[in-house]
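The values are calculated or read from the model by the stated rules, or taken from the named source; none is laboratory data. Since the model is a prediction, treat every value here as computed from it, not as a measurement. Virtual Cβ from ideal backbone geometry, glycine too; neighbours counted across all protein chains shown. To get the accessible areas, we keep the full protein, side chains included, count just its heavy atoms, and leave off ligands, DNA and RNA. Shrake-Rupley method; radii C 1.70, N 1.55, O 1.52, S 1.80 Å.
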Amino acid sequence: MAILIADLSGYTALTETHGAAAAADVIDKFHDIVRRSLVGDSHLHERVGDEVMIVSQIPGDLLHTAAMLIHQCSAEHQFLQVHGGLHFGPVLKRNEFFFGATINLASRIAAIAAKGRFWCSAHFMQALTDTSQYVFESKGMHRFKNVRNETELFELQTSGQDFFYIDPVCRMVICDKEKAIQHPVEEELFFCSKQCLEIYNNSH
C-alpha cells in the first residue's frame, strides 16, 4: 500500500502565538483541504491533531494527491506550510488500523522533509508507473534509526511554492502582502497581525 503522512510546519508556534481557537481553525481548514485534495483511490485514513495519514492502493493517485495538497496549502493566505513523506510497502490491517515498517518509515521520512515539501522513498518511486508529470530531486541516501538499510529519498518538485513570505513569529504563510503588516524598517518582513509585529519587535 502507498502511504502519505503529512503535517503542518509551525503548528506549535501558531498555537503559542494565537491560542488554541486559532490553531483549531487552522486544523479544520487543513482537514477540509485534505478532503478536497484526494485523487482517485486515495482516502484519508487517520488524523491526529495536525497530522494526517492518507493511503491508496495506487501510488500514482497518492502522488497526485500530494501535489494537490501542496498546491492547495500554498494558495491559502495566513495558513501554514505542509510537509510529509510518501512510502510504499506491505502493511498489516487490524481493527481498521494499519501497522508495520512501511508506516514507521513513512513517518520518519515525513519528519525530515523540508517545509512545504514532500519527500518520497525509493520504494515509492519504483512503484510508480508514470512519473512524466512531475520532477523529482534526489536528496541522497538516508539512514534511519532501527531501519537496517539506507534508502534514497526524492523531493517532489511543484511550482508556486516559493512565492510567499513567512511570518517569523507564528510561521503563517503570507501570500498577499496587501493583507499583511509590513515591518517599518525591514522591508522584506511581513506579519499576519500587529500582535506578531509587536512580539517580533520586543524580541529583537
*asked:* Pull out all pairs, ordered by first then second residue, where Cβ-Cβ is under 8 Å, the residues are six or more apart or on different chains, the first lies in region 27-47 and is over 19 Å from G116 (Cα atoms) and open to solvent by less than 80 Å² (accessible area, probe 1.4 Å), and the second is among the aliphatic types (A, V, I, L, M) and in a loop (DSSP other than H, G, I, E, B).
replied: G40/I58; D41/I58; S42/I58; L44/L38
*Identify, from the list S56, S107, S74, the residue that is modelled with pLDDT of 95 or more, among the small types (G, A, S) and out of contact with any Lys or Arg (no Cβ under 7 Å at 6 or more places or on another chain).*
S56
*If only one of E152, E198, E186 is surrounded by 11 or more Cβ atoms within 10 Å (Cβ to Cβ) and closer than 20 Å to S107 by Cα, which one is it?*
E152
_Name the residue that is farthest from H64 (Cα to Cα), counting only residues in region 98-124 that are open to solvent by 40 Å² or more (accessible area, probe 1.4 Å) and in contact with a strand residue (DSSP E or B) (Cβ under 6 Å, 6 or more places away or on another chain)._
F99
*Residues satisfying the stated conditions in region 12-22, i.e. within 15 Å of H77 (Cα to Cα) and either surrounded by 19 or more Cβ atoms within 10 Å (Cβ to Cβ) or not aliphatic (A, V, I, L, M) (or both)*: L14
*asked:* Name the residue that is surrounded by the most Cβ atoms within 10 Å (Cβ to Cβ), counting only residues in region 155-179 that are acidic (D, E) and within 28 Å of S56 (Cβ to Cβ).
replied: E155
*Please work out which residue is farthest from L4 (Cα to Cα), limiting yourself to region 48-62 and to residues that are assigned to a strand (DSSP E or B) and open to solvent by 10 Å² or more (accessible area, probe 1.4 Å).*
V48
